[in-house]
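The structure appears right after this line, and notes come after that.
The values are calculated or read from the model by the stated rules, or taken from the named source; none is laboratory data. Just so it is clear, the model here is predicted, and its values are computed rather than measured. Glycine also receives a Cβ, built like all others from the backbone with ideal geometry; neighbour counts cover every protein chain displayed.
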Amino acid sequence: MRRVYLDSNATTPVRPEVVAAMMSVLTEHFGNPSSIHWFGQHAKSMIDDARQHVARLINAEVSEIVFTSGGTEADNFAIRGIAESQKAKGRHIITSKIEHHAVLHTCQDLEKQGYEVTWIPVSRDGVVDASSVRRALRPDTILITIMHANNEIGTVQPIEEIGRIAEEADVYFHSDGVQSTGKIQVDVRKLKVDLYSISSHKIHGPKGAGALFVRKGTILKPLLTGGGHERNRRSGTENVAGIIGFGQAAKMARESLTSDMARVAELRDLLETALKSRIEFIQVNGENAPRLPNTTNIMVDYAEGEGLVISLDLKGVAVSTGSACSSGSMEPSHVLTAIGKTPDEAHGSLRLSLSALTTREDVEYVIEVLPGIVERLRDLSPYYKKV
Amino acid sequence: MAYSEKLLDYFQNPRCVGEIPEADAVAEVSNPVCGDVMKLWVKVDGGHIQDAKFKAQGCSAAIATSSFATEMLVGMEIERARLITKEEIAEALGGLPASKIHCSVLATDAIKQVLREFQPR
Ligand SMILES: Cc1ncc(COP(=O)(O)O)c(C=O)c1O
Ligand code: FES
């Protein structure tokens, strides 16, 4: 059966060049980067190279990149690290209602520990209004954490504007850049973020590797203490193979970002236009907002998302409803709820996310099979009347 | 795939889909959490269910269990139909993942509601 993968916001296939880079670590260059002998020093120099590739991708200094086990750890490190280091100054945190669970549940956990969190709403198109962040500021605010691009609907938040507000107020600013990195240009200097999370497996690298950009001078309490790795910010013997793969993926993402994403945007637009013309009663969530070039989230009336996902899967097409981690739960997505969708509407939503490796044939295949699937499910619905 | 072949078959090729214009009873139920709906039509003859049809807007498990349960009803004694449980349906379809057990409740709720119209004599 033909297999088409349009679930790149969940994870991406690992590029062959990344696999090759990792293989050399797993076989020859197995040394512990902390060891002073050749094996160790070679591994260390490979990590230094990877750090440079990751730093360049977001215009950071090499010393500002802390490798982590992924996006979730980077988010936890940023938020808990500031909460802990700044608690003498205050206990108020500002975030949005559409954050990934890694931020959402971390902030909820801090609420239980006595921190106060302001949850900024978003527009019907899924965008935070920067001025509402300004209005939420208090003398005891210690952190603003707002994601750069949303994983479910792909909307891009006004990070640069919020960055200016944070700088004026002298409040630490973290942004979850897991979905934006590798898909749009990211420049941490321009964005004026102090902390920025990245994950390797969303940019064709391996799972279990990621990084937190920590602006020079930022005081952050480590999550992991031990041998003092990563300049005392994150102890533990490095996941060398993962980091090397991540570095290679970052290098490739940077080299071809502009051309890859122009092509991806064209395919995404082709997909959206074709589906809108071939299927009645569908809407694109976040359509009028600035969006990632690779993501489309469509709401299909008179059909249910999980039924669509399973039907597509049986035709070899992988997509998702809401975010991958909440599939299997029947609660409507908090992101779709935040943009004003009813639980019913939210349950009829479908996320299709492309990557640099998506082909025109992939998209054309989905355009060919999806209308029939929707039609079949609608014919089963007691509410759908053919016009 | 988290579902059995049989369940997928009932999802892909649901039996007993449709409406019965001259139905003796109709029930419409929905799951308050996920919003999925099932509508069930039955025609009875003496103590038996002569015909049953359904429509559903829901996940694959909801559609498959609704279809399977409706098919079970056809020809069944009303008193036996009252005894149908969600476990019976789920087991017959090769079991459901834990998070999907509630989907089969849609069918048993619809059966309960539609049979409410026929008091035991
Ligand atoms: C916006 C966002 N933040 C964080 C994460 C978590 O990253 P990881 O899977 O590397 O822990 C994800 C991935 O699902 C994401 O989409
Ligand atoms: S998710 Fe609602 S019935 Fe299955």
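Numbers for the structure displayed
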read-out: Residue among A:81, A:71 that is in contact with a His (Cβ under 8 Å, 6 or more places away or on another chain), crowded, with 23+ Cβ neighbours inside 10 Å and in contact (Cβ under 8 Å) with a residue 40 or more places away in the chain; value: A:71
read-out: Search result, residues across region A:25-41 that are outside any loop (DSSP other than H, G, I, E, B), surrounded by fewer than 17 Cβ atoms within 10 Å (Cβ to Cβ) and touching a residue at least 12 places away in the same chain (Cβ under 8 Å); value: A:26
read-out: Which numbered condition residue B:103 fails, given (1) away from every other protein chain (no Cβ under 14 Å); (2) within 16 Å of ligand 2 (Cβ to nearest atom); (3) over 9 Å from the mean Cα position of the chain (by Cα); value: (1)
read-out: Of all residues making up region B:30-45, the number that are in contact with a helix residue (DSSP H, G or I) (Cβ under 9 Å, 6 or more places away or on another chain) and either closer than 13 Å to residue B:118 by Cβ or more than 11 Å from chain A (Cβ to nearest Cβ) (or both); value: 2
read-out: Within region B:6-121, helices (runs of 4 or more DSSP H) holding 2 or more residues that are among the polar types (S, T, N, Q); value: B:60-73, B:101-115
read-out: Members of region A:301-317 found to be within 11 Å of chain B (Cβ to nearest Cβ) and either part of a strand (DSSP E or B) or acidic (Asp, Glu) (or both), listed by number; value: A:301, A:304, A:306, A:313
read-out: Filter pass, residue B:24 being in contact (Cβ under 8 Å) with a residue 40 or more places away in the chain and more than 14 Å from chain A (Cβ to nearest Cβ); value: yes
read-out: Output for region A:246-277, where each listed residue is among the small types (Gly, Ala, Ser) and over 18 Å from the mean Cα position of the chain (by Cα); value: A:256, A:259, A:262, A:274, A:277
read-out: Filtered residues of region A:68-91 (kept if part of a loop (DSSP other than H, G, I, E, B) and under 25 Å from residue A:182 (Cβ atoms)); value: A:69, A:70
read-out: Selection status of residue B:108, among the polar types (S, T, N, Q), away from chain A (no Cβ under 14 Å), over 20 Å from residue B:19 (Cα atoms) and out of contact with any strand residue (DSSP E or B) (no Cβ under 6 Å at 6 or more places or on another chain); value: no
read-out: So residue A:280, is it more than 12 Å from chain B (Cβ to nearest Cβ), over 24 Å from the mean Cα position of the chain (by Cα) and under 29 Å from residue A:18 (Cβ atoms); value: no
read-out: Lone qualifier among A:317, A:374, A:335, A:309 - being more than 29 Å from residue B:53 (Cα to Cα), surrounded by 16 or more Cβ atoms within 10 Å (Cβ to Cβ), at pLDDT 95 or above and more than 16 Å from ligand 1 (Cβ to nearest atom); value: A:317
read-out: Residues that are within 14 Å of chain B (Cβ to nearest Cβ) and either within 21 Å of residue A:317 (Cα to Cα) or of a type in the set (Val, Ile, Thr) (or both), drawn from region A:360-387; value: A:369, A:372, A:373, A:374, A:375, A:376, A:377, A:378
read-out: Some residue of region A:44-53 being in contact (Cβ under 8 Å) with a residue 24 or more places away in the chain, surrounded by 24 or more Cβ atoms within 10 Å (Cβ to Cβ) and within 16 Å of the chain's Cα centre (by Cα); value: no
read-out: Number of the exception - residue B:8 against (1) modelled with pLDDT of 95 or more; (2) under 30 Å from residue A:336 (Cβ atoms); (3) crowded, with 22+ Cβ neighbours inside 10 Å; value: (3)
read-out: Some residue of region A:329-338 being β-branched (Val, Ile, Thr) and within 12 Å of chain B (Cβ to nearest Cβ); value: no
